[in-house]
1. So which pairs qualify, if the first residue must be in the range A:282-298 and within 16 Å of A:Ala246 (Cβ to Cβ), the second must be surrounded by 13 or more Cβ atoms within 10 Å (Cβ to Cβ) and of a type in the set (Val, Ile, Thr), the Cβ gap must be under 8 Å, and the two must be at least 6 apart or on different chains?
2. Just to be sure I understand, how many residues within the range A:136-168 are at the interface with another protein chain (Cβ under 7 Å from one of its Cβ atoms) and under 15 Å from A:Gly94 (Cβ atoms)?
3. For the range B:36-81, name all the residues that are basic (Lys, Arg), assigned to a helix (DSSP H, G or I) and either more than 9 Å from chain A (Cβ to nearest Cβ) or over 28 Å from B:Ala9 (Cβ atoms) (or both).
4. Consider A:Val96 against the criteria (1) touching a helix residue (DSSP H, G or I) at 6+ places or on another chain (Cβ under 9 Å); (2) away from every other protein chain (no Cβ under 14 Å); (3) closer than 18 Å to A:Asp116 by Cβ: it satisfies all of them except one. Which criterion is unmet?
5. Can you say whether A:Gly239 is out of contact with any Pro (no Cβ under 8 Å at 6 or more places or on another chain), surrounded by fewer than 18 Cβ atoms within 10 Å (Cβ to Cβ), on the phi > 0 side of the Ramachandran plot and in contact (Cβ under 8 Å) with a residue 12 or more places away in the chain, as far as the supplied structure shows?
6. Quick one: count up the residues across the range A:99-131 that are outside any loop (DSSP other than H, G, I, E, B) and more than 7 Å from chain B (Cβ to nearest Cβ).
7. From the list B:Val186, B:Val263, B:Val209, pick out the single residue that is part of a strand (DSSP E or B) and of a type in the set (A, V, I, L, M, F, W, C).
8. Only one of (1) in contact with a helix residue (DSSP H, G or I) (Cβ under 7 Å, 6 or more places away or on another chain); (2) surrounded by fewer than 17 Cβ atoms within 10 Å (Cβ to Cβ); (3) of a type outside the set (Ser, Thr, Tyr) fails for A:Pro15. Which number is that?
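Bear in mind these aren't lab numbers, they're just calculated from the coordinates by the rules spelled out. Here the structure is a predicted model, which means the values were calculated and not measured. No Cβ is skipped: glycine too gets one built from the backbone with ideal geometry, and neighbour counts run over all protein chains shown.
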2 protein chains.
Amino acid sequence: MIIDRLYAAVEERGPICVGLDPSPGLIPSGLLQRAHSPAEAYLRFNRGIVDATLDLVACYKVQIAHYEALGVEGLACYRDTIRYIRSQGVLVIGDVKRGDIGSTAERYAEAHFGGDFEVDFITLNPYFGTDGIAPFFPHIEGREKGLFVLIRTSNPSAPELQDFPHPPFTPRHALPVTRHPLYLHVAELVARWGERYVGRCGYSAIGGVVGGTAPEALARVRERFPKLFLLVPGYGAQGARGKDVAPAFRDGNGAVIAASRFVIGAHRGKPDPERRFPEYAREAVEEMREDILGCIRS
Amino acid sequence: MIIDRLYAAVEERGPICVGLDPSPGLIPSGLLQRAHSPAEAYLRFNRGIVDATLDLVACYKVQIAHYEALGVEGLACYRDTIRYIRSQGVLVIGDVKRGDIGSTAERYAEAHFGGDFEVDFITLNPYFGTDGIAPFFPHIEGREKGLFVLIRTSNPSAPELQDFPHPPFTPRHALPVTRHPLYLHVAELVARWGERYVGRCGYSAIGGVVGGTAPEALARVRERFPKLFLLVPGYGAQGARGKDVAPAFRDGNGAVIAASRFVIGAHRGKPDPERRFPEYAREAVEEMREDILGCIRS
């Protein structure tokens, strides 16, 4: 099971997941000017970040939206970025958050677990229920792949759907409604989907996404679903710190913490960013790693 | 507002939306064999379908997953397909079902409302709440674009999340829980997002997706949210017929009914599919159009 490789990577190198989410405003302007296209600049930037950080991270997460924004050429850069990381023997999470009916989900499985865009894990949206997830199951065993399904996201408006039907959505007198907000119901579904795919490490190859900006949700999910490996976004730019993400862990493993802007934007406002951005990214990873390990291995 | 153009198209040509979702098993095998690549065969096939049906349809829906499955070359074919349709003056819905946090949703807005993949409408997933939708708002007025947000999908497991917390999710004694299943709460959010973007036709440029396989949900959403234009998938291969989708309409407008396999797979089992697939697709559209118009204009 692929999850055993991720577990081992966290044991060896710690739980940091660097998000490679470049944008024209984030990468050093000199890099952009010197390249023939933004996509070319992104690839050069990504390779610089990867080369400078791969011994300190568990995996990379590549957010496809940033490449899709550049059209066909951007998606060629997405392909080349994930290929480069995988050629270094490091795991990649394709942060695609796809979700659709069964016959369409099969096409997304083909897209992201083989061919140009092949990665080790992808993120999925649970809104369609089992139909939208099951087409990925044959790839988990057959092709050593894994999933992270959205449970509770890191953005401010996450409660609008994910805490439904808790207040403020129902009049107070109608309570108690249910003991569960939607996200816990989703976590239950994800845990059920993952039961058949538990690796030697004790975690399932079907994990969940829970934002570091919601430490209480993180603690509830971790406590109730011990086999769920967690992908935790929201560190840094979105506000989460080591103490917020600490509830995601069990004995120092069982989660990876993702940060993008905090790492790949660390060069901003510093001297000679165009040449030194890899060094600044490495320092940010070291700082983040120390912060988190200090909170979970104390 | 773009929704006025869609409304006018339904008035003039009826409410059919053809889904261009090719796959190697669906298109005539001769077409596939004769092309240099599946993507080239898809484009030839799509142009044949469009040329044969555009005077009978309100719009086309292009499901990006089928193209993403072919990697970078497939996405070039997605680009060329939507460009071809738009060059004929016909509206295109990019069925991308994206959904992410705000800063990432901005990238998806760039991706699908400009550049290579520019379409008129896109479908979105509501799981992130307002943050995942608001970045598309500036494009609605500024660039004449529209959205269809998932409310109740057409697949069998849709109730697992979308009917939450209704039975069977909560013990019977805990009821009444809330008057709303999740999908109606989502419909309320969608209607609220759309209030500022109501066109002259009385419908908002932010519409909703409700499957034709759930006629009761369709009727509830139609009744409660009169300004919501509906995109209704599920006709044909997924089981919905004219009588099932009829509740989506108000005075013969306010909805488009999408079918893919029913139309683009109509050549299967018929003579000379490679040459005659456009003719069979046209017949299927005529049959579907007659069925639906018979149910809503009676």
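1. Qualifying pairs under 8 Å: A:Met288/A:Ile16; A:Met288/A:Ile257; A:Met288/A:Val263; A:Arg289/A:Ile16; A:Ile292/A:Ile16; A:Ile292/A:Val245; A:Ile292/A:Ile257; A:Cys295/A:Val245.
2. 1
3. Once the filter is applied, which keeps residues that are basic (Lys, Arg), assigned to a helix (DSSP H, G or I) and either more than 9 Å from chain A (Cβ to nearest Cβ) or over 28 Å from B:Ala9 (Cβ atoms) (or both), the range B:36-81 yields B:Arg44, B:Arg47.
4. Only one criterion in (1) touching a helix residue (DSSP H, G or I) at 6+ places or on another chain (Cβ under 9 Å); (2) away from every other protein chain (no Cβ under 14 Å); (3) closer than 18 Å to A:Asp116 by Cβ is unmet by A:Val96, namely (2).
5. In short, yes.
6. Summing the residues that are outside any loop (DSSP other than H, G, I, E, B) and more than 7 Å from chain B (Cβ to nearest Cβ) in the range A:99-131 gives 9.
7. So the residue among B:Val186, B:Val263, B:Val209 that is part of a strand (DSSP E or B) and of a type in the set (A, V, I, L, M, F, W, C) is B:Val209.
8. It fails just one condition, (2).
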